[in-house]
Each structure stands twice: as C-alpha cells, then as structure tokens.
1. Taking B:Val164 as meeting all but one of (1) within 14 Å of chain A (Cβ to nearest Cβ); (2) open to solvent by less than 10 Å² (accessible area, probe 1.4 Å); (3) under 27 Å from B:Glu220 (Cβ atoms), write down the number of the exception.
2. Spot the failing condition for A:Met110; the list is (1) closer than 30 Å to B:Leu264 by Cα; (2) open to solvent by less than 70 Å² (accessible area, probe 1.4 Å); (3) at pLDDT 90 or above, and only one is missed.
3. When you look at B:Leu207, is it under 12 Å from the mean Cα position of the chain (by Cα) and surrounded by 18 or more Cβ atoms within 10 Å (Cβ to Cβ), yes or no?
4. Do any helices (runs of 4 or more DSSP H) entirely within segment B:222-318 hold 3 or more residues that are surrounded by fewer than 14 Cβ atoms within 10 Å (Cβ to Cβ) and hydrophobic (A, V, I, L, M, F, W, C), and if so, which?
5. Being closer than 21 Å to B:Ala235 by Cα and in contact with a helix residue (DSSP H, G or I) (Cβ under 8 Å, 6 or more places away or on another chain) is the filter; apply it to segment B:104-130 and report the residue that is modelled with the highest pLDDT.
6. Could you say whether any residue in segment A:86-96 is touching a residue at least 60 places away in the same chain (Cβ under 8 Å), more than 14 Å from chain B (Cβ to nearest Cβ) and either among the β-branched types (Val, Ile, Thr) or over 30 Å from B:Phe266 (Cβ atoms) (or both)?
7. For segment A:108-128, which residues satisfy the criterion of being in a helix (DSSP H, G or I) and either touching a Cys at 6+ places or on another chain (Cβ under 7 Å) or within 11 Å of chain B (Cβ to nearest Cβ) (or both)?
Amino acid sequence: MNPSYTPTVSTPPPPLTRALGTALAGSALFGLATGLGHTPRAMLAFGLAAPALFLGSAALALPPLCLAVSASPRPPSIASVVRATGETLGLLGVALAGLAAPAAFFSVTMHTRHAPALLVVAVVVAGGVALRSLSKRVFVDTPSTLSWSLATGWNVLAVVLGLRALVRLGDALSGVLR
Amino acid sequence: MSAALTALASEGLSVAPRVTAAQPPSPRVDPPGRPHADLQAPAEALDGALDATPRVTPSDAPRVTPNYTPSDAPSDTPSDAPSDGLEGAPDDAVPSALTWVEQLLRAPGAALGALVDSPEGASPATLRTLVLTVALGAGLFGGVLGAARGPLQSLAAGVKLPVVLLVTLMVCVAPFVALARIAGTRLTAASTVSLVLGASARLALVLAGLAPVLWLVASEVRYHSIIVTAVAACAVAGAAALRFLFQGLERVKAPLRVGLAWVLLFSLVGAQSGWCLRPFVVRPRTASPPIVRALEGDFFEAISGSARAAVGRYDARSALTPR
C-alpha cells in the first residue's frame with residue numbers, strides 16, 4: 001500500500017446551523033420525493049412530515065441524552081453533545097437527500113401495500129444508523145459498564161420515541177392520502 | 001458473506017496498478033511482446049499478475065494502458081499506438097473502446113485505476129465508452145432473451161434491458177454519492193459515477209458474452225429453461241460486477257457496509273425498474289405479448305406470490321396474469 005494514500009476525507013465539521021439546515025433540507029426533499037406519486041397535497045404533507053419526524057425525534061431524544069451523558073463517569077460538555085447531535089442530523093440530511101431519487105422512483109412506480117412498508121423500513125434504517133452514529137460519538141470516550149448501560153438505555157428510549165412519532169405521523173398522513 | 005466479499009475484493013488487488021496523488025500520472029507504454037501491467041509495480045506482483053491473467057499482446061505494437069494522459073506527454077509516445085480513449089480523438093474511438101473492454105474483463109485493477117484514483121473520475125470520453133458498453137452488452141443479451149417470441153419482442157427486450165440498467169444507475173447515483181460521503185470515504189461524485197458505471201459495463205460485457213449460450217438454450221428448449229439460463233447468466237454477470245465494485249471500494253478504503261448498502265439499494269431499484277418494463281421473456285400461452293405491461297402490482301408482490309405458489313398456496317384473486 002502506498003504510504004501517501006489518504007483513506008478518508010478529513011474536512012472540518014460544518015457549523016451547527018449549517019448542519020441543521022442540511023438536515024431540514026434533506027429530510028424535506030426526501031419527504032417531497034416520497035409524496036411525488038400522490039396528490040400535491042399529499043406531497044406537501046410528506047414534505048412537512050419528514051423533517052417533523054427526524055428533527056422532532058431528535059428534539060425529543062436530546063434531553064434524555066444530555067441526562068444520560070451527565071450520569072456517565074466522564075461526561076462530555078452539553079455543548080459538545082448538542083454539536084454532535086447537530087452534526088449527526090446533518091449527515092442524516094445528506095443521506096436522506098441522496099435517498100430522495102429512489103424514494104421518488106418508488107413513489108411513482110409502486111402503488112401497492114409494499115410501498116408504505118418500504119418507506120417505513122427506509123425511515124427506520126436511516127434513523128437507526130443515525131442513532132448508532134450519535135451514540136458512538138457521544139459515549140465513545142467513556143467505555144465502562146455504566147456508560148454502556150446508559151447508552152443502551154438511551155438508545156432504547158430514542159427508538160421508542162422515534163417509533164411513536166412515526167406512528168402518530170403515519171396516522172395523520174393516512175388521512176391526507178385518503 | 002462479508003468475509004467472502006472481502007476476500008473477493010482483496011483478490012487481485014496485488015496485481016492492480018495504482019496511481020496515487022503522490023505519483024504524478026504518466027503515460028504508460030508497455031514494451032512489445034509484454035502484457036500491459038503497471039511498470040511501477042514490484043516484480044513479484046507483476047509475476048503474479050502474469051500468472052493469474054495470461055494475456056495476448058501483439059508483439060509489434062506498444063500499448064498504452066487506459067490511464068491518465070497528461071498534456072506534457074513525452075514525445076517518445078508511439079504515434080501509432082492505440083489511444084487510451086481519454087484524449088477524445090474521434091479516430092481513436094474504436095481502439096479505446098476495445099481497450100476498455102479488454103481492461104474491464106481481464107485486468108479490472110488497471111481499469112479501476114483510471115476510474116477511481118482521480119477525484120475527477122473518468123474522462124467524459126471514457127464515460128461515453130462505458131455507457132455505450134452497457135447499452136450494447138445489455139441490449140444484445142436482452143435481444144436474445146426476447147428472441148423466442150419473434151423479432152418485435154427481441155427488439156423490445158433489447159431496448160428495455162439497457163434502459164433498466166441505465167435508469168437504475170440514474171436513480172441510484174445520488175444515494176450512492178451520499179452514502180459514500182457520510183461514510184467518510186474519499187470517493188467523489190465523479191469517481192462514484194465512474195466506479196458504478198464501470199461495474200455496470202463489466203456486467204453488460206459478461207451478459208453479452210453469455211448471450212450465445214442463452215440463444216442456444218432458447219432455440220432448443222422451453223420457457224422455464226430460458227428463465228433458468230437467464231437467471232444463471234445474470235448471476236454470473238452480477239458476481240463479476242460485484243467483484244469489480246468491491247475491488248474499487250477496497251482501493252479507496254471504503255467500509256464494506258457502503259458496498260453492501262449500494263448493492264442492496266441497486267437491487268431494490270433494479271428489481272422495480274425491471275418490473276415496470278416487463279415482460280422480457282413472454283410466457284408461451286400469451287397470445288399477443290405486449291411490449292410493456294400496465295403498471296400493476298410490484299416486484300415484491302410477484303415474489304411473494306410465487307413463493308406462496310411454490311408451496312401450493314394459490315390466490316386466484318390476486319394472481320398476476322399476463323394481459
């Protein structure tokens with residue numbers, strides 16, 4: 001292997017506002033693409049629902065995260081936890097923006113019961129990967145049984161919160177689609 | 001599975017010529033009578049490459065491997081050598097395309113060097129060659145696939161199969177770039193497009209190579225044998241493309257999960273786009289086969305229906321019948 005080879009991109013992290021803007025724009029784009037095969041009203045509803053889901057779930061899970069981190073042996077600062085959350089949301093926004101094209105494709109070509117199932121799977125996988133990434137960032141400096149327990153507990157809580165938000169939004173969107 | 005994929009990806013990397021940022025690109029001229037390989041590679045790696053992939057090279061014509069061609073190319077570059085296709089000269093179109101075909105099939109490491117080592121990816125001329133390779137290779141296979149039902153279906157399938165591949169690529173490129181970006185790899189959008197297009201071109205080439213086998217089966221046996229042969233050919237071609245793809249990802253030190261996510265997404269989108277443009281092989285009982293069926297059901301519904309039918313559970317109401 002050539003020693004001059006640079007395996008990864010080492011760019012400085014974007015500011016928090018830019019990361020949040022990316023998350024907002026990416027998730028909105030994904031939502032709009034998801035509703036492309038339906039009515040304009042449904043498209044708008046999806047475009048609003050996706051940012052509400054991802055950013056709302058993050059907002060719901062952030063206070064317990066700060067609490068869990070504070071109880072860990074060597075807690076990072078709250079500011080760094082918030083920054084890590086914002087950066088993770090920014091990356092999630094990039095991923096969702098990329099997934100907008102397949103979402104639009106499936107929205108237009110698939111009108112069966114598998115379509116919402118596929119959408120839910122995509123949303124859950126994207127959210128799960130983001131959750132794992134954030135957890136690794138925040139709890140990585142304190143590898144102990146206590147911090148592992150706190151991380152697991154917070155992950156479970158975040159998943160439950162996210163799924164609850166998803167179900168609530170799903171109910172609302174099914175009304176729009178009818 | 002991941003171990004097998006890693007082994008596949010690592011295999012052949014020792015013989016792959018590489019161009020790094022620290023080494024300015026230079027034209028490579030292989031001596032006559034010698035297979036083209038990286039002149040900077042260690043001798044033992046070169047020997048391994050020669051053992052692994054025996055190649056036939058005209059003894060009287062030096063060759064230029066498909067790689068960078070800087071503007072300050074030395075004057076000792078043979079003027080009559082086949083071009084690498086990156087210079088864009090119209091006269092070199094045929095040789096460069098053939099060189100690319102040869103590289104993709106025989107020395108994927110060398111092809112990967114030209115596709116992913118530069119942040120700019122492949123040149124526009126190379127991209128055109130790859131798209132053309134996809135269109136012709138998949139078109140040939142599709143034409144043979146539909147030939148059992150006459151020239152019209154053959155023509156339709158020959159057009160539809162490349163469209164399926166290219167539409168799938170177009171839909172998947174943005175998520176591929178996004179996934180590579182968030183995974184922290186050094187793949188740029190251009191090199192991602194180049195890599196995926198290269199893998200697709202290899203898939204199409206293998207499909208084209210297996211098209212005569214399919215033709216042989218289609219001319220002698222019935223519908224289900226055509227299906228089985230086509231699936232087997234697609235599996236072989238898919239394996240060749242996957243190997244190329246994972247070699248490329250290994251080359252840029254991308255995590256294995258990026259490749260797996262790409263493959264999963266490509267499979268889903270490809271299955272659905274193929275479903276939208278069906279039929280490719282028409283059932284014999286269909287009296288007047290359509291060129292494209294109505295947008296009914298989806299690929300997953302068809303698979304689950306077939307799985308139920310395989311165990312003897314038929315649902316007459318939801319059964320998808322050809323129209």
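The values are calculated or read from the model by the stated rules, or taken from the named source; none is laboratory data. Note that this is a predicted model, so its numbers are computed, not measured. Methodologically, a virtual Cβ is constructed for each residue, glycine included, from the backbone with ideal geometry; neighbour enumeration extends over all protein chains shown. In case anyone asks, the SASA skips ligands and DNA or RNA and just uses the protein heavy atoms, side chains included. Shrake-Rupley method; radii C 1.70, N 1.55, O 1.52, S 1.80 Å.
1. The one condition B:Val164 does not meet is (2).
2. Checking A:Met110 against (1) closer than 30 Å to B:Leu264 by Cα; (2) open to solvent by less than 70 Å² (accessible area, probe 1.4 Å); (3) at pLDDT 90 or above, the one that fails is (3).
3. Answer is yes for this residue.
4. Of the helices (runs of 4 or more DSSP H) lying wholly inside segment B:222-318, those with at least 3 residues that are surrounded by fewer than 14 Cβ atoms within 10 Å (Cβ to Cβ) and hydrophobic (A, V, I, L, M, F, W, C) span B:223-251, B:299-310.
5. Going through the qualifying residues, I end up with B:Leu130.
6. yes
7. Passing the criteria: A:Val108, A:Thr109, A:His114, A:Ala115, A:Ala117, A:Leu118, A:Val121, A:Ala122, A:Val125, A:Ala126.
Rundown of residues vs (1) within 14 Å of another protein chain (Cβ to nearest Cβ); (2) of a type outside the set (A, V, I, L, M); (3) crowded, with 17+ Cβ neighbours inside 10 Å, yes/no style:
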residue	(1), (2), (3)
A:Val69	no, no, yes
A:Arg83	no, yes, yes
A:Pro102	yes, yes, yes
A:Ala130	yes, no, yes
A:Lys136	yes, yes, no
A:Val160	no, no, no
